[in-house]
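Below is one structure; the comments refer to it alone.
The values are calculated or read from the model by the stated rules, or taken from the named source; none is laboratory data. These numbers were taken from a predicted model, which means no experiment stands behind them. Virtual Cβ from ideal backbone geometry, glycine too; neighbours counted across all protein chains shown.
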Amino acid sequence: MSIRLKPNATIGIVGGGQLGRMTALAAARLGYRCHILTPEMDSPAEQVAAGITRGEYEDKAALRRFAAAVDVITFEFENVSAAGLDLLAALRPVRPSPAVLRISQDRVAEKRFVNQAGVATAPWVEVDSAEALDAAIARLGLPSVLKTTRLGYDGKGQALVRTPEAARAAFATLAPKPLILEGFVDFAMEVSVVVARGADGGIAAFEPVENRHRDHILDLTLAPARVGPETAAAADRVARRLAEALGLVGLLAVEMFVTQDGRVLVNEIAPRPHNSGHWTIDACPASQFELHVRAVAGLPLPPATRHSDAVMKNLVGPEEVALWPAILATPGLIGHLYGKAEARPGRKMGHVTRLFPRGALPGGFGLSDALGPLGARICPE
Ligand SMILES: Nc1ncnc2c1ncn2[C@@H]1O[C@H](COP(=O)(O)OP(=O)(O)O)[C@@H](O)[C@H]1O
Ligand SMILES: [Mg+2]
């Protein structure tokens, strides 16, 4: 079904977080309204949206009211139930499709899909019992990473296990079951590619970027990733292949490990705007959010080019958001705040971007230099 949204049409976004907020801002610039579905009060997305349906994602009446208020539906939040999505999809076009969302909601379905598309991941085994755990350890060895298959984010719902005892203890606490055991990848770098695919099958992919995590939360993204051309091309190929194989209409972020010997392994995929793509707002003529809106609206996709290199630093929790006045006072730092009233530890409150001339980022400057005078405070290293 090919639709092209007319100006002033309404895009429904399931989820009220910062990804929805930045999507709504990009949609507004293209002449669209956004209408948010969220159970939260005063969510980051609704603060900048034209409308809101407040309700639980499983509440059928709320889902129906939401669908009736919009022309097309997308999501910024992956943990909507399959039944909820099917209800929405019966009422309005949902982009990306519920089938795509289902794959990304479940680490086993996701890894199976990725491997079937001919793309490598870390070795993995589904684990639904203590016996299956022992067998999985015998196959993959230790250390490995035991994860829930659903509802994990920012490193929650997973444990790095180094001994069989630790694995059994983690098995006892991680929920819901089943779990997945993945071989531990001693990666040289984590990279990601954000790729958009339009309703006409056209594809645009941003260059691979380099991601650094702190306490399992994305801390820094460097664009482009400091990898060789073969690795960059391999990551790009993987992202395009997965977008095609999914029949994606919308945006897909592909998180990958680059191994010590330069191979690319897919870690996970997310069919929505991604934290590692926030730099595109400031460094690209059309950001990941604009590409997302265009794909969802059935508009043509512009190329995913960048005019600058960039470093993006997340502002996580009360300590980092406390840097906001200093960020505002520092020329060259581009600040973004998400409108969250409460700065809990580990909560993503905003981000800051610094641009560099194209080609200036690769090379050996220290990360603490990357954010200018604030670097030493923002990324002590
Ligand atoms: N198999 C693995 N080997 C090594 N590190 C891993 C592995 N799986 C996850 N990690 C580390 O944990 C982080 C979070 O894991 P991920 O599967 O992406 O879950 P989340 O849904 O929390 O983002 C990854 O970005 C990576 O740094
Ligand atoms: Mg991840």
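For the range 121-149, name all the residues that are assigned to a loop (DSSP other than H, G, I, E, B) and within 15 Å of ligand 2 (Cβ to nearest atom).
In the first step, residues of the range 121-149 are kept if they are assigned to a loop (DSSP other than H, G, I, E, B); the result is 122-123, 128-129, 141-143, 149.
Scanning the range 121-149 gives ALA122, THR149.
Mind checking which strands (runs of 3 or more DSSP E) fall wholly inside the range 206-317 and carry at least 1 residues that are away from ligand 2 (no atom under 16 Å from the Cβ) and not hydrophobic (A, V, I, L, M, F, W, C)? Working first, answer last.
Details: elements: 209-214, 217-223, 250-258, 264-270, 308-316.
Correct list: 250-258, 308-316.
If you go through the range 271-298, how many residues are among the aliphatic types (A, V, I, L, M) and surrounded by fewer than 23 Cβ atoms within 10 Å (Cβ to Cβ)?
Step one: of the range 271-298, the residues among the aliphatic types (A, V, I, L, M) are 281, 283, 286, 291, 293, 295-297.
Within this subset, residues satisfying the condition of being surrounded by fewer than 23 Cβ atoms within 10 Å (Cβ to Cβ) are 281, 286.
Residues that pass the stated criteria total 2.
Which of the residues belonging to the range 124-147 are surrounded by fewer than 18 Cβ atoms within 10 Å (Cβ to Cβ) and of a type outside the set (D, E, K, R)? Step through it out loud before you land on a result.
Here is the first cut: in the range 124-147, the residues surrounded by fewer than 18 Cβ atoms within 10 Å (Cβ to Cβ) are 126, 128-132, 134-135, 138-139, 141-143.
Matches in the range 124-147: SER129, ALA130, ALA132, ALA135, ALA138, GLY141, LEU142, PRO143.
Only one of these conditions is not met by PHE77: (1) closer than 30 Å to ALA61 by Cβ; (2) at pLDDT below 95; (3) out of contact with any helix residue (DSSP H, G or I) (no Cβ under 8 Å at 6 or more places or on another chain); (4) not small (Gly, Ala, Ser). Which number is it?
Tallying (1) closer than 30 Å to ALA61 by Cβ; (2) at pLDDT below 95; (3) out of contact with any helix residue (DSSP H, G or I) (no Cβ under 8 Å at 6 or more places or on another chain); (4) not small (Gly, Ala, Ser), PHE77 fails exactly one: (3).
Report every pair of residues separated by at least 6 positions or lying on different chains whose Cβ atoms are under 6 Å apart, first residue within the range 176-195 and near ligand 1 (Cβ under 10 Å from one of its atoms), second assigned to a loop (DSSP other than H, G, I, E, B).
Close Cβ pairs satisfying both conditions: ILE180/THR149; GLU182/ALA122; GLY183/ALA122; GLY183/PRO123; PHE184/PRO143; VAL185/ALA122.
Going by the structure shown, is ALA245 surrounded by fewer than 18 Cβ atoms within 10 Å (Cβ to Cβ), under 21 Å from ASP106 (Cβ atoms) and not basic (Lys, Arg)? Give the derivation first.
Working: surrounded by fewer than 18 Cβ atoms within 10 Å (Cβ to Cβ): yes; under 21 Å from ASP106 (Cβ atoms): yes; not basic (Lys, Arg): yes.
Yes: the conditions hold for ALA245.
Counting just the residues of the range 103-115 that are in contact with a helix residue (DSSP H, G or I) (Cβ under 8 Å, 6 or more places away or on another chain) and touching a residue at least 60 places away in the same chain (Cβ under 8 Å), which one comes out nearest to ASN79 (Cα to Cα)?
That would be SER104.
Could you figure out which of (1) under 24 Å from LEU337 (Cα atoms); (2) of a type in the set (Val, Ile, Thr); (3) at pLDDT 95 or above isn't true of THR305?
Tallying (1) under 24 Å from LEU337 (Cα atoms); (2) of a type in the set (Val, Ile, Thr); (3) at pLDDT 95 or above, THR305 fails exactly one: (1).
Given the residues ALA205, ALA225, ALA239, which is the only one that is within 16 Å of ligand 1 (Cβ to nearest atom), crowded, with 16+ Cβ neighbours inside 10 Å, under 15 Å from the mean Cα position of the chain (by Cα) and of a type in the set (A, V, I, L, M, F, W, C)? Break it down into steps so the answer makes sense when it comes.
Working: ALA205 fails: within 16 Å of ligand 1 (Cβ to nearest atom); ALA225 fails: under 15 Å from the mean Cα position of the chain (by Cα).
Being within 16 Å of ligand 1 (Cβ to nearest atom), crowded, with 16+ Cβ neighbours inside 10 Å, under 15 Å from the mean Cα position of the chain (by Cα) and of a type in the set (A, V, I, L, M, F, W, C) holds for just one of ALA205, ALA225, ALA239, which is ALA239.
With among the aliphatic types (A, V, I, L, M), crowded, with 21+ Cβ neighbours inside 10 Å and touching a residue at least 12 places away in the same chain (Cβ under 8 Å) as the only criterion, which of MET41, MET22 stands out? Break it down into steps so the answer makes sense when it comes.
On the way: MET41 fails: crowded, with 21+ Cβ neighbours inside 10 Å.
None of the others qualify; the one that does is MET22.
Being within 16 Å of ligand 2 (Cβ to nearest atom) and among the acidic types (Asp, Glu) is the filter here, so list the residues in the range 150-195 that pass it.
Across the range 150-195, the qualifying residues are ASP154, GLU182, GLU190.
State which residue pairs qualify: first residue in contact (Cβ under 8 Å) with a residue 12 or more places away in the chain and outside the structural domain of GLY15 (by TED's automatic domain parsing) and inside the range 49-74, second residue small (Gly, Ala, Ser) and surrounded by fewer than 18 Cβ atoms within 10 Å (Cβ to Cβ) in any location, beta carbons under 7 Å apart, and separation of 6 or more residues or different chains.
Nothing qualifies.
Just name the residue that is nearest to HIS213 (Cα to Cα) out of those in the range 120-163 that are among the charged types (D, E, K, R) and near ligand 1 (Cβ under 10 Å from one of its atoms).
If we filter the range 120-163 for residues that are among the charged types (D, E, K, R), which is where we start, we get 126, 128, 131, 134, 139, 147, 150, 154, 156, 162.
Those left that are additionally near ligand 1 (Cβ under 10 Å from one of its atoms): 147, 154, 156.
Working: LYS147: 17, ASP154: 9, LYS156: 13 Å.
The residue in question is ASP154.
Do any residues in the range 344-356 that are in the same structural domain as LEU328 (by TED's automatic domain parsing) have Cβ atoms under 8 Å from those of residues that are among the hydroxyl-bearing types (Ser, Thr, Tyr) and assigned to a strand (DSSP E or B), where the two are at least six apart or on different chains, and which pairs are they?
So the pair list comes out as LEU355/SER308; PHE356/SER308.
Residue by residue, here is whether (1) farther than 16 Å from LEU19 by Cβ; (2) in contact with a strand residue (DSSP E or B) (Cβ under 8 Å, 6 or more places away or on another chain); (3) of a type in the set (D, E, K, R) holds:
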residue: LEU242; (1), (2), (3): yes, yes, no
residue: ALA245; (1), (2), (3): yes, no, no
residue: LEU251; (1), (2), (3): no, yes, no
residue: ASP261; (1), (2), (3): yes, no, yes
residue: GLY277; (1), (2), (3): no, yes, no
residue: VAL316; (1), (2), (3): no, yes, no
residue: ALA326; (1), (2), (3): yes, no, no
residue: LEU337; (1), (2), (3): no, yes, no
